[in-house]
1. Only residues that are open to solvent by 100 Å² or more (accessible area, probe 1.4 Å) and more than 19 Å from F19 (Cα to Cα): list them for the stretch 68-78, please.
2. Residue check: is N81 surrounded by 12 or more Cβ atoms within 10 Å (Cβ to Cβ), of a type outside the set (A, V, I, L, M), more than 30 Å from Y10 (Cα to Cα) and at pLDDT below 95?
3. Looking at the stretch 88-97, can you tell me whether even one residue there is of a type in the set (K, R) and open to solvent by 90 Å² or more (accessible area, probe 1.4 Å)?
4. Output the residue which, of all residues in the stretch 19-35 that are among the β-branched types (V, I, T) and without any contact (Cβ under 8 Å) to a residue 40 or more places away in the chain, is farthest from F110 (Cα to Cα).
5. What's the number of the condition A32 fails, among (1) hydrophobic (A, V, I, L, M, F, W, C); (2) within 30 Å of K113 (Cα to Cα); (3) open to solvent by 100 Å² or more (accessible area, probe 1.4 Å)?
6. With F16, F65, F51 as the choices, which residue is under 17 Å from L111 (Cα atoms), assigned to a helix (DSSP H, G or I), aromatic (F, W, Y) and open to solvent by 70 Å² or more (accessible area, probe 1.4 Å)?
7. How about the stretch 36-81: which of its residues are polar (S, T, N, Q) and touching a residue at least 12 places away in the same chain (Cβ under 8 Å)?
8. I need every pair where a residue in the stretch 90-115 that is more than 22 Å from M50 (Cβ to Cβ) has its Cβ under 9 Å from the Cβ of a residue that is open to solvent by less than 90 Å² (accessible area, probe 1.4 Å) and hydroxyl-bearing (S, T, Y), sequence separation at least 6 or different chains.
Amino acid sequence: MKKRLLSFKYAFQGLFQLFKGQPNAWIHLVSAITVILAAIWFQLSIIEWMFIILAIGFVFSAELFNTAIEKLVDKVSPEKNPLAGRIKDLAAGAVLVAAITAAAIGLVIFLPKMF
């Protein structure tokens, strides 16, 4: 039981590190809160809520993986290295894809409700 509780402690430490060291995580958080407030305002259906929750989770998961990959690359390749740079670019690209996907989901859900 203690090991299980410690695993949650470590996971929350990872989230704390994300928000402590990644300014983009704050942008994602403000966006997520804004979307959640809009979802409450427009009284989304359960299915719409599910898509919103999945989109938010997708973006934060991508940001966490990106941060982990960046930290690992920095550790194993502290000097400037073109391959290390490409790896970091790929990880950042995954966050971009997640964010664009989340924005598209938001547009599909919210645009009809606004117009």
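The values are calculated or read from the model by the stated rules, or taken from the named source; none is laboratory data. Please read all numbers here as calculations on a predicted model, not as lab measurements. Note that each Cβ is placed from the backbone with ideal geometry, even for glycine, and that neighbours are counted across all protein chains shown. Accessible surface is based on the protein model in full, side chains and every heavy atom, while ligands, DNA and RNA are left aside. Shrake-Rupley method; radii C 1.70, N 1.55, O 1.52, S 1.80 Å.
1. First pass over the stretch 68-78, keeping only residues open to solvent by 100 Å² or more (accessible area, probe 1.4 Å): 71-72, 75-76, 78.
Hits for the stretch 68-78 are K75, V76, P78.
2. Details: surrounded by 12 or more Cβ atoms within 10 Å (Cβ to Cβ): yes; of a type outside the set (A, V, I, L, M): yes; more than 30 Å from Y10 (Cα to Cα): yes; at pLDDT below 95: yes.
It is true that N81 is surrounded by 12 or more Cβ atoms within 10 Å (Cβ to Cβ), of a type outside the set (A, V, I, L, M), more than 30 Å from Y10 (Cα to Cα) and at pLDDT below 95.
3. Of the residues in the stretch 88-97, the ones of a type in the set (K, R) are 88.
Filter again for open to solvent by 90 Å² or more (accessible area, probe 1.4 Å), leaving none.
No, the stretch 88-97 contains no residue that is of a type in the set (K, R) and open to solvent by 90 Å² or more (accessible area, probe 1.4 Å).
4. Within the stretch 19-35, the first condition is being among the β-branched types (V, I, T), and the residues that meet it are 27, 30, 33-35.
This time we only want the ones that are without any contact (Cβ under 8 Å) to a residue 40 or more places away in the chain, so: 27, 30, 33-34.
On the way: I27: 20, V30: 17, I33: 15, T34: 12 Å.
The extreme case among them is I27.
5. With (1) hydrophobic (A, V, I, L, M, F, W, C); (2) within 30 Å of K113 (Cα to Cα); (3) open to solvent by 100 Å² or more (accessible area, probe 1.4 Å) applied to A32, the lone miss is (3).
6. Values: F16 fails: under 17 Å from L111 (Cα atoms); F65 fails: under 17 Å from L111 (Cα atoms).
The conditions single out F51.
7. At the first step, the residues of the stretch 36-81 found to be polar (S, T, N, Q) are 43, 45, 61, 66-67, 77, 81.
S61, N66, T67 - these are the residues of the stretch 36-81 that are polar (S, T, N, Q) and touching a residue at least 12 places away in the same chain (Cβ under 8 Å).
8. From the stretch 90-115, the pairs are A91/T67.
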